[in-house]
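One structure is given here, and the rest of the page talks about it.
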Amino acid sequence: MNLPTQVRLVEVGPRDGLQNEKQQIGIADKVRLVDDLGAAGLRCIEVGSFVSPKWVPQMAGSAEVFAAIQRLPGVSYSALTPNLKGLEAALQAGVGEVAVFAAASESFSQRNINCSISESLQRFVPLVETATATGVRVRGYVSCVLGCPYEGEIAPQQVATVARELDAMGCYEVSLGDTIGTGTAGATRHLFDVVGRQVPRERLAGHFHDTYGQALANVYAGLLEGIAVFDASVAGLGGCPYAKGATGNVATEDVLYLLDGLGIVTGVDAERLIAAGERICAVLGRENGSRVARARRA
Ligand code: HMG
Ligand code: MG
């Protein structure tokens with residue numbers, strides 16, 4: 001078994017997690033969450049989104065969150081930017097890294113960002129150019145890589161085509177998103193095998209939602225394919241506003257437990273991470289989605 005010896009965890013809870021919450025969450029609580037995650041040793045934290053507030057109201061305060069977080073050295077605090085308008089707002093907020101998001105499914109692309117896949121890719125080219133020219137690196141996402149809520153099955157080659165374009169336009173990494181969490185371990189291995197022929201595996205990441213309870217198995221499948229970057233959400237927060245019924249990402253605590261058990265280095269402190277998750281769950285008044293956190297509490 002040739003697993004990576006180190007894994008980079010990309011914490012997406014403050015963005016992918018909170019974006020789906022209907023209740024008002026105060027800026028101070030969002031800031032505290034980001035600061036807690038940094039203190040727990042996470043080195044990549046997705047803080048928010050510069051998207052239309054009509055589409056995702058919860059992310060409207062992202063500039064205020066960026067203004068108030070304590071920026072630790074060596075930590076990348078990033079934000080989603082769907083277009084140049086979003087990038088401009090992100091740059092104004094002093095964001096050091098942004099992410100563009102495309103889909104492998106036409107229907108999801110329309111529902112999520114109101115344009116076709118090819119229009120979105122065209123839109124991202126000047127965004128990546130401008131960001132890179134100002135020293136801001138850009139991550140790329142592909143959604144619906146293992147299934148679409150509107151179209152069902154998605155061909156891995158379709159994912160590979162979109163991933164290759166994001167890579168070619170200058171994204172430093174492309175994260176493959178199982179938006180609705182229907183993927184299984186065999187399909188995940190096959191996906192990384194197919195996409196890995198078009199984009200080097202060291203520039204690929206896995207982003208698994210846990211709707212069908214398969215996310216941890218899919219992380220492991222990714223590890224077996226040599227993938228060493230995984231997105232996760234503290235306390236398993238979240239869902240997707242444009243994928244009804246989809247639950248949050250795999251809980252960061254649970255991925256960390258898996259990786260710790262395999263002796264894979266992440267630099268993340270489990271106890272501090274669990275405490276961060278418990279705190280935000282108390283604020284939201286919701287049950288902690290991390291099995292590890294629940295077991296520890298018991
Ligand atoms: P549109 O309506 O086609 O945009 O939306 P438009 O350019 O026609 O502009 C319409 C209005 O939006 C205008 O305002 C613009 O100024 C404004 P008005 O004149 O009507 O007052 N606008 C903006 N405002 C703030 N920030 C902006 C911005 N752009 C335009 N950046 C748009 C197109 C892309 C803007 C919209 O569809 C949108 O914001 N979508 C974001 C959806 C989203 O955030 N989804 C969740 C994140 S993706 C995800 O969760 C998947 C992922 O986790 C991976 C996985 O799990 O698969 C990443
Ligand atoms: Mg997601």
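The values are calculated or read from the model by the stated rules, or taken from the named source; none is laboratory data. As the structure is a prediction and not an experimental result, all values here were calculated from the model. Every residue, glycine as well, gets a Cβ built from its backbone with ideal geometry; the counts of neighbours run over all protein chains shown. Please note that ligands, DNA and RNA were not included when accessible areas were found on the heavy atoms of the full protein model with its side chains. Shrake-Rupley method; radii C 1.70, N 1.55, O 1.52, S 1.80 Å.
Does segment 221-228 include one or more residues that are within 16 Å of ligand 1 (Cβ to nearest atom), in a loop (DSSP other than H, G, I, E, B) and modelled with pLDDT of 95 or more?
yes
Might you check whether a residue that is farther than 24 Å from Gly94 by Cβ, assigned to a helix (DSSP H, G or I) and of a type in the set (Val, Ile, Thr) occurs anywhere in segment 135-150?
no
Can you find even one residue in segment 118-131 that is out of contact with any helix residue (DSSP H, G or I) (no Cβ under 9 Å at 6 or more places or on another chain), part of a loop (DSSP other than H, G, I, E, B) and open to solvent by 20 Å² or more (accessible area, probe 1.4 Å)?
No: segment 118-131 contains no residue that is out of contact with any helix residue (DSSP H, G or I) (no Cβ under 9 Å at 6 or more places or on another chain), part of a loop (DSSP other than H, G, I, E, B) and open to solvent by 20 Å² or more (accessible area, probe 1.4 Å).
Testing His190 on (1) more than 16 Å from ligand 2 (Cβ to nearest atom); (2) outside any strand (DSSP E or B); (3) open to solvent by less than 10 Å² (accessible area, probe 1.4 Å), one condition comes back false. Which one is that?
For His190, the exception is condition (3).
Scanning segment 94-113 for residues that are open to solvent by 20 Å² or more (accessible area, probe 1.4 Å) and in contact (Cβ under 8 Å) with a residue 24 or more places away in the chain, which turns out farthest from ligand 2 (Cβ to nearest atom)?
Restricting to residues being open to solvent by 20 Å² or more (accessible area, probe 1.4 Å) and in contact (Cβ under 8 Å) with a residue 24 or more places away in the chain, the top hit is Gly94.
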